Amino acid sequence: MDWRVLLIGGASGSGKSALSYPTARTRGAALVEVDDLVVATQAVTTAAAQPALHHWRTHSDAGLSADEVVEAQVALARALEPALAAVIENHLDTDLPLVLEGDYLLPEFCAKWGPEVRSVLVHEPEAAQLERNYLIREPSSGTQRKRAQDSAHYAAWLAAEAGRHDVPLLTARPWSTALERLADALR
């Protein structure tokens, strides 16, 4: 694989982590989860100064439509972009390989980098499968139907944007071939 930084985006529950960890190990790359950067940037900012960045700490998704959830996701992603860019630029400057994965990697952001930064969006379109994925990953939370439906709606938005920005879309299933298909998508 010819990349120094690999961006693996996709909606929550789509399987980004299942691809990013073995890919980073195989490549000897650092792995950064975007969720950790969200937590870190929230720790050094306030909700008053960065409302979009703190949205999910100060608001519930209860009562929000799927479109409103997507709007909040996109706003948070855009607020986070300077931090994401700093991490990517640091790894390019130091020539240390990096896999960066998370929900907040928008296709427009992924597409703006040169050839040393590759990207792919993992796509799981079915809310029922996302609901099963959450139940496996977070059994103590029980069934998360609304979250899965919202995530499927965000996945559809991301897929459309990936097409607009020529970012490869990788279907999540079948899982048995996902790593091979990821390698093919990056060639």
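The values are calculated or read from the model by the stated rules, or taken from the named source; none is laboratory data. Everything numeric here is computed off the predicted structure, so don't read it as measured data. Cβ: placed from backbone, ideal geometry, glycine included. Neighbour counts: every protein chain shown. Accessible surface is based on the protein model in full, side chains and every heavy atom, while ligands, DNA and RNA are left aside. Shrake-Rupley method; radii C 1.70, N 1.55, O 1.52, S 1.80 Å.
Structure summary
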read-out: Subset of the stretch 69-96 [touching a residue at least 12 places away in the same chain (Cβ under 8 Å) and more than 18 Å from the chain's Cα centre (by Cα)]; value: His91, Leu92, Asp95, Leu96
read-out: Matching residues, the stretch 57-69, being surrounded by fewer than 15 Cβ atoms within 10 Å (Cβ to Cβ) and either assigned to a helix (DSSP H, G or I) or among the hydrophobic types (A, V, I, L, M, F, W, C) (or both); value: Arg57, Thr58, Ala62, Asp67, Glu68
read-out: Out of Arg164, Arg145, Arg173, sole residue that is more than 19 Å from the chain's Cα centre (by Cα) and in contact (Cβ under 8 Å) with a residue 12 or more places away in the chain; value: Arg145
read-out: Hits in the stretch 1-32 (condition: charged (D, E, K, R) and within 21 Å of Phe109 (Cα to Cα)); value: Asp2, Arg4, Lys16
read-out: Check on Ser14, in contact with a His (Cβ under 7 Å, 6 or more places away or on another chain), in contact (Cβ under 8 Å) with a residue 40 or more places away in the chain and not in a strand (DSSP E or B); value: yes
read-out: Cβ-Cβ under 6 Å pairs, at least 6 apart or on other chains, the stretch 47-68 side without any contact (Cβ under 8 Å) to a residue 24 or more places away in the chain, far side part of a helix (DSSP H, G or I); value: Ala47/Thr58; His54/Gln42; His55/Ala72; His55/Leu76
read-out: Scan of the stretch 156-187 for residues that are out of contact with any strand residue (DSSP E or B) (no Cβ under 6 Å at 6 or more places or on another chain) and small (Gly, Ala, Ser), ordered by number; value: Ala156, Ala160, Gly163, Ser176, Ala178, Ala183
read-out: Leu7, sole failed condition from (1) touching a His at 6+ places or on another chain (Cβ under 9 Å); (2) touching a residue at least 40 places away in the same chain (Cβ under 8 Å); (3) not in a helix (DSSP H, G or I); value: (1)
read-out: Condition met for Asp93 (in a loop (DSSP other than H, G, I, E, B) and either of a type in the set (Asp, Glu) or exposed (fewer than 14 other Cβ atoms within 10 Å of the Cβ) (or both)); value: no
read-out: Extreme residue, least open to solvent (accessible area, probe 1.4 Å), among residues of the stretch 136-187 that are farther than 25 Å from Leu6 by Cβ and among the acidic types (Asp, Glu); value: Asp150
read-out: Answer from Ala77, Ala83, Ala49, Ala72 - the residue that is open to solvent by less than 40 Å² (accessible area, probe 1.4 Å) and either touching a His at 6+ places or on another chain (Cβ under 9 Å) or part of a loop (DSSP other than H, G, I, E, B) (or both); value: Ala72
read-out: Pairs with Cβ under 6 Å, 6+ apart, first in the stretch 114-130 and touching a residue at least 40 places away in the same chain (Cβ under 8 Å), second open to solvent by less than 50 Å² (accessible area, probe 1.4 Å) and among the polar types (S, T, N, Q); value: Val122/Ser14; Glu124/Ser14; Leu130/Ser151
read-out: Scope the stretch 25-39; condition surrounded by 11 or more Cβ atoms within 10 Å (Cβ to Cβ) and either touching a Ser or Thr at 6+ places or on another chain (Cβ under 8 Å) or touching a residue at least 12 places away in the same chain (Cβ under 8 Å) (or both); matching residues; value: Arg27, Ala29, Ala30, Leu31, Val32, Glu33, Val34, Asp35, Leu37, Val38
